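For reference, the structure discussed in these notes is given below.
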Amino acid sequence: MAGRSAGTESFELTLRSPERGEARGPLVFATARRARTAGLAALRGAAGALVIDCGALGQTDSAGLAVLLDWLAEARHAGRKLRFERLPEELLRLARISAVDGMLQQGV
């Protein structure tokens, strides 16, 4: 992925099963709208608890953090369980600054 910018690479959320998904690519301002839509669709299609592996995320920023927090809020509102695995350190640093790192790591 070296040499690629968020403008030439897109965010993808792939469901490996009704309970597991994988987030891949940049999760930044430019991809936030698509990411939010994909996450909400995944929550609607989940059989129960959903775990999203974030280990393949590329660049992240505060818009990406807002998307993940929005997914958690929607899951809570719908009475669903959502948890993230392998969150990138860059994203966790942003979450610590905003004092939401515990929520991001624990899920709902």
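Here, each number is a calculation from the coordinates, and none is a lab measurement. Keep in mind it's a predicted model, so treat the numbers as computed, not measured. Methodologically, a virtual Cβ is constructed for each residue, glycine included, from the backbone with ideal geometry; neighbour enumeration extends over all protein chains shown.
Note that region 12-20 has calculated 3J(HN,Hα) couplings of 9, 10, 10, 8, 7, 7, x, 10, 9 Hz, one per residue in order, obtained from phi through the Karplus relation 6.51 cos²θ - 1.76 cosθ + 1.60 (θ = phi - 60°); glycine and proline are x. Using θ = phi - 60° in the Karplus curve 6.51 cos²θ - 1.76 cosθ + 1.60, the 3J(HN,Hα) couplings for region 93-102 round to 4, 4, 5, 5, 4, 8, 6, 10, 5, x Hz; x is entered for Gly and Pro. Taking every DSSP beta bridge that has both ends in the chain, the antiparallel portion is near 35%. By the beta-carbon count within 10 Å of each Cβ, the least crowded to most crowded order of Ile52, Ile97, fewest first, is Ile97, Ile52.
Karplus-derived 3J(HN,Hα) values for region 68-73, using 6.51 cos²θ - 1.76 cosθ + 1.60 with θ = phi - 60°, are 5, 5, 5, 4, 4, 4 Hz; glycine and proline are entered as x. Taking amide H positions as placed 1.01 Å from N in the peptide plane, with prolines and chain starts having none, which residues 5 or more places from Ala56, or on another chain, fall under 5 Å of its amide H? Amide H to amide H, under 5 Å and 5 or more residues apart or across chains, Ala56 pairs with Ala23. Taking max minus min of the alpha-carbon positions on each principal axis, region 1-98 gives extents of 39, 28, 22 Å, largest first.
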